[in-house]
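Visitor: First the structure, then my questions, so here it is.
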Amino acid sequence: MKGWGVHLSKRAYNFNAGPAALPLPVLERAQSEFVDFRNSGMSIMEMSHRGAIYESVHNEAQERLLGLLGNPAGYKVLFLQGGATTQFAMVPMNFLKEGQVGSYVMTGSWADKAYKEAKLLGGAHVAASSEEQKFRAIPDLNAIVPAENAAYLHITSNETIEGTQYFKFPDSGKLPLIADMSSDILSHDLDINQFGLIYAGAQKNLGPSGVTVVIAKEELLAESPSHIPTIMRYSTHYKNNSLYNTPPSFSVYMVNEVLKWVEEQGGLAGVEAKNREKAGLLYQTIDGSGGFYRGVAEEASRSIMNVTFRMESEELEKKFIKGAEAEGFVGLKGHRSVGGLRASIYNAVPYESCKALADYMTHFQKTQA
Ligand SMILES: *Cc1c(COP(=O)(O)O)cnc(C)c1O
């Protein structure tokens, strides 16, 4: 393939939506430790999750995650499986009591999936929706009104498919605020104290697929209903330090390495500055194209993780993608449900990839003049 920069040799310009790019130093480190982890004569994948070596990695990853969030008091990290999709079900299963509903802010495809699971498992209520704006914006925070019998307020902090993101969060009062942060966890500074529970599949900003991270107030994790399956209770995982059954050990190890890398970037503030620079460059290219490229999301709600845009016709979009693929760009096709184009620029996507994309966009526009 052509077009790969020297320092990115054999590395694609990877804009995949998930699983997505991982930091090169993390991959290299994992490679160097792959066969013989910490002089054990084994890969981390080959050893017991009850042993001291794995347990130290497991605990280290939890501590690092809380450290990056400023060591909030009273919070616990869980490493679960089943993806964010399983959390769509676990949240209502664990928190809805008889006669209660979950209140959901409808911002797009992922919020809708979460809402539907709550509907199956007790009851769901729409606290606000931007459907009338075709999900191009996050609703006005003041318009978010939970139901009187709500057990929690649920938001999707970044809509991966539509390309919208919250930068401020609703005040849920006494209700726990629960967020699906799958596609923007650790992408910007965050006061976790606003949240009762957040969850994220790891494969966008935290590591490989296979592990789902939950960070929650301990009071929400300590007691779960006894009528739901043992494995679906937060309390099971809380009481057993996420070692009730075999954890996805290699994925947890990778998360720990990615967290080290985030620390090296200057923590959340450092990562946020880089993400804003990357997203700024792409949105500038879109806005400066005189309408050749059109951003999907409204400006105030534009995601710094998933940059969605369209062109005049699907034909032209196809041509754009074909040309991009020939230049070594990967993953620019929009989600099959909405079409268009999408550049997912999670933490690990380097500025250089965004610069190359911006240059390609400008070049492509000129060839169509
Ligand atoms: C990717 C994604 C999911 C689905 O995650 P799985 O780990 O595949 O279940 C859920 N919510 C959001 C916001 C996502 O981006």
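Visitor: Starting from 0.36 nm per residue, how many nanometres of slack lie between Lys10 and Glu55 once their C-alpha separation is accounted for? Walk me through the numbers before you get to the answer.
Guide: On the way: separation 45, 0.36 × 45 = 16.20 nm, distance 3.47 nm.
Extra length available between Lys10 and Glu55 comes to 12.7 nm.
Visitor: Can you tell me the dipole magnitude for the stretch 38-148 around its Cα centre, using point charges on the Cβ only (Lys, Arg +1; Asp, Glu -1), in Debye to the nearest 20? Before the final figure, lay out the partial values.
Guide: Numbers: 10 positive and 11 negative charges, 36 e Å.
Magnitude of the dipole: close to 180 debye.
Visitor: When the helices in the chain are scored as -39500 (n - 2.57) per DSSP H run of 4 or longer and the sum is shared across all residues, what 222 nm value do you end up with, to the nearest 500 deg cm²/dmol? Present the calculation step by step, with values, prior to reporting the outcome.
Guide: Details: 10 runs with 129 residues, N = 369.
Rounded to the nearest 500, the figure is -11000 deg cm²/dmol.
Visitor: Out of residues 5 or more away from Tyr152 or on other chains, whose amide H comes under 5 Å of its own, with H placed 1.01 Å from N in the peptide plane?
Guide: The answer is Ser103.
Visitor: Could you give the nm distance between label points at Leu120 and Glu312, where each point is 7 Å from its Cα heading toward the beta carbon?
Guide: According to this spin-label approximation, the distance is 4.5 nm.
Visitor: From the phi angles alone, apply the Karplus equation (6.51, -1.76, 1.60; θ = phi - 60°) to the stretch 278-285 and give each ³J(HN,Hα) in whole Hz, x where the residue is Gly or Pro.
Guide: With coefficients 6.51, -1.76 and 1.60, one gets 4, 5, x, 4, 5, 5, 4, 5 Hz.
Visitor: Related question: Mind sorting Tyr351, Tyr234 by how few other Cβ atoms lie within 10 Å of their own Cβ, fewest first?
Guide: Working: Tyr351 13, Tyr234 24.
Taking fewest neighbouring Cβ atoms as first place, the list is Tyr351, Tyr234.
Visitor: Which of the three applies to the chain, rounded, prolate or oblate, going by the alpha-carbon gyration tensor with a ≥ b ≥ c and a/c under 1.5 meaning rounded?
Guide: Working: a/c = 2.13, a/b = 1.20, b/c = 1.77.
In terms of gyration-tensor shape, oblate.
Visitor: Quick one: if the Förster radius is 56 Å, what FRET efficiency do Thr246 and Gln368 give, using the C-beta to C-beta distance and rounding to 0.05? Don't skip to the end; give the middle numbers.
Guide: Details: r = 53 Å, r/R0 = 0.95.
It comes to 0.55.
Visitor: Neighbouring Cβ atoms within 10 Å as the yardstick, rank His154, His335, His227 fewest first. List each step's numbers first, then the result.
Guide: On the way: His154 31, His335 16, His227 7.
Result, fewest neighbours first: His227, His335, His154.
Visitor: Give the distance, in whole Å, between the Cα centre of the stretch 12-28 and the Cα centre of the stretch 233-304.
Guide: Answer, in whole Å: 12.
Visitor: How many nm separate the modelled label positions at Ala273 and Asn142, each set 7 Å beyond the Cα in the direction of the Cβ?
Guide: Computed distance between label sites Ala273 and Asn142 equals 3.5 nm.
Visitor: Also, quick follow-up: Placing +1 at every Lys and Arg Cβ and -1 at every Asp and Glu Cβ, with all other atoms neutral, what dipole size does the chain have around its Cα centre, in debye to the nearest 20?
Guide: Numbers: 35 positive and 40 negative charges, 134 e Å.
That gives the chain a dipole magnitude of about 640 debye.
Visitor: Can you give the charge dipole size of the stretch 302-369 about its Cα centre, rounded to the nearest 20 debye, using +1 on the beta carbon of Lys and Arg and -1 on the beta carbon of Asp and Glu?
Guide: In debye, rounded to 20, the stretch 302-369 gives about 160.
Visitor: How large is ³J(HN,Hα) for each residue in the stretch 183-200, as worked out from phi by the Karplus curve 6.51 cos²θ - 1.76 cosθ + 1.60 (θ = phi - 60°), to whole Hz, x for Gly and Pro?
Guide: For the stretch 183-200, the Karplus curve yields 9, 9, 4, 6, 9, 7, 4, 8, 9, 5, 4, 6, 10, x, 8, 10, 9, 7 Hz.
Visitor: If we count other beta carbons within 10 Å of each Cβ, what is the order of Lys217, Lys113, fewest first?
Guide: Lowest to highest Cβ neighbour count: Lys113, Lys217.
Visitor: Go through the stretch 259-269 residue by residue and turn each phi into a ³J(HN,Hα) via Karplus (6.51, -1.76, 1.60, θ = phi - 60°); whole Hz please, and just put x for glycine and proline.
Guide: Karplus-based 3J(HN,Hα) across the stretch 259-269 equals 5, 4, 4, 4, 4, 5, 7, x, x, 5, 5 Hz.
Visitor: Go through 169-175, 352-358 and give me the packing order, highest mean Cβ count within 10 Å leading. Let's see the in-between values first.
Guide: On the way: 169-175: 14.9, 352-358: 20.3.
Result, highest mean first: 352-358, 169-175.
Visitor: Going by average Cβ neighbours within 10 Å, how do the peptides 138-144, 36-42, 196-202 rank, with the highest at the top? Mind dumping the intermediate values first?
Guide: Values: 138-144: 16.9, 36-42: 12.6, 196-202: 24.9.
The packing order, highest mean first, is 196-202, 138-144, 36-42.
Visitor: Taking the alpha-carbon set of the stretch 72-193, what are its Rg and Dmax in Å?
Guide: 13.7, 39
Visitor: Next question, about the same structure. Can you tally the net charge around Glu60? Count Lys and Arg as +1, Asp and Glu as -1, for every other residue whose Cβ sits under 11 Å from the Cβ of Glu60.
Guide: On the way: positive: Arg64, Lys260; negative: Glu55, Glu63, Glu257.
Every neighbour counted, the sum reads -1.
Visitor: Next up: Considering Cα pairs under 8 angstrom that are at least six residues apart, work out the relative contact order of the chain and quote it in whole percent.
Guide: Numbers: 689 pairs, mean separation 82.7, N = 369.
The normalised contact order for the chain reaches 22 percent.
Visitor: Sort the stretch 303-369 into rounded, prolate or oblate with this rule: let a ≥ b ≥ c be the square roots of the eigenvalues of the Cα gyration tensor; rounded if a/c is under 1.5, and if a/c is not under 1.5, prolate when a/b is larger than b/c, oblate otherwise.
Guide: Numbers: a/c = 1.82, a/b = 1.18, b/c = 1.55.
Here the stretch 303-369 falls in the oblate category.
Visitor: Among Tyr54, Ile231, Phe37, pick out the residue whose Cα is farthest towards the positive end of the charge dipole of the chain, where Lys and Arg carry +1 and Asp and Glu carry -1 on C-beta, about the Cα centre.
Guide: Phe37
Visitor: Return the FRET efficiency for the residue pair Phe167, Gln284: r is the Cβ-Cβ distance, R0 is 22 Å, and the value is rounded to the nearest 0.05. Please report the intermediate quantities before stating the final value.
Guide: Details: r = 18 Å, r/R0 = 0.83.
Efficiency, from the Cβ-Cβ distance: 0.75.
Visitor: Then there's this: Kindly rank 10-19, 203-212 from highest to lowest mean number of other beta carbons found within 10 Å of each residue. Write out the running numbers ahead of the final one.
Guide: Numbers: 10-19: 18.7, 203-212: 24.5.
So the order, starting with the most tightly packed, is 203-212, 10-19.
Visitor: Test of understanding: what is the full-extension gain from Glu264 to Leu27, defined as 0.36 nm times their sequence separation minus their Cα-Cα distance?
Guide: Details: separation 237, 0.36 × 237 = 85.32 nm, distance 1.52 nm.
Residue separation times 0.36 nm, minus the Cα-Cα distance, leaves 83.8 nm.
None of the figures in this text is laboratory data; all of them are computed from the coordinates on show. The structure presented is a predicted model; accordingly, all values stated were derived computationally and were not measured. Positions of Cβ are generated from backbone atoms using ideal geometry, with glycine treated the same way; all protein chains shown enter the neighbour counts.
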